[in-house]
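Below is one structure, written out as structure tokens, with a few remarks after it.
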Amino acid sequence: MDSFLISEIPVPTASGPGSLRVGHARMDDEHDDFLGLVQALLSAPDTELIASLDQLIAHASAHFAQEDTWMCELEFPARKCHMDEHAAVLRSANGVRRRTAAGDLHSARLFARELDSWFAPHVQHLDSALATWICKSNFDARPFVFHPPMRARPISAGA
């Protein structure tokens, strides 16, 4: 039976640190931290849920504020849409915080799952465009992201 190689193309997801890169070191590091905090919220015991949510909100608030500052300083064309999305996430986070404090623990876990789903497209579309704008504005260049080599695995023809 004939066999050939097929490349496994990694599909970016918000599955963990290092899974999403935009080519801006600070942004990439903060994205890794964000994903770690989302995962921590998903796995936090009930007694630590509010503390975990508070850490996530604090991190997101600081990170979004930094991105918002960059967008305003560099007159990023899509800043209104991007900043509106940040504000919506923080409004939701604060609402979930109030519900969780009132005893609705399910809201925090549901919010974490939704954040995990929201994050990859946000990074891939909005943050990657911002990283490109920052590099273009500051260095007349584009960000470059090193990806691990793609693995190839043999598969049988007709499989």
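Only the coordinates and a few stated rules stand behind these numbers; no lab work does. Nothing here was measured: the structure is a model prediction, and the numbers come from that model. No Cβ is skipped: glycine too gets one built from the backbone with ideal geometry, and neighbour counts run over all protein chains shown.
Got at least one residue in segment 44-54 being farther than 30 Å from residue 144 by Cβ and among the hydroxyl-bearing types (Ser, Thr, Tyr)?
Here is the first cut: in segment 44-54, the residues farther than 30 Å from residue 144 by Cβ are 44-54.
Imposing the further condition that a residue be among the hydroxyl-bearing types (Ser, Thr, Tyr) reduces the set to 47, 52.
Within segment 44-54, one or more residues are farther than 30 Å from residue 144 by Cβ and among the hydroxyl-bearing types (Ser, Thr, Tyr).
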Is at least one residue of segment 62-74 surrounded by fewer than 20 Cβ atoms within 10 Å (Cβ to Cβ), touching an Asp or Glu at 6+ places or on another chain (Cβ under 8 Å) and either farther than 18 Å from residue 87 by Cβ or in contact (Cβ under 8 Å) with a residue 12 or more places away in the chain (or both)?
yes
Subset of segment 28-61 that is in contact with a Phe, Trp or Tyr (Cβ under 9 Å, 6 or more places away or on another chain) and closer than 27 Å to residue 134 by Cβ - its residue that is surrounded by the fewest Cβ atoms within 10 Å (Cβ to Cβ)
59
Restricting the search to segment 20-68, which residues are touching a Ser or Thr at 6+ places or on another chain (Cβ under 6 Å) and not in a helix (DSSP H, G or I)?
22, 44
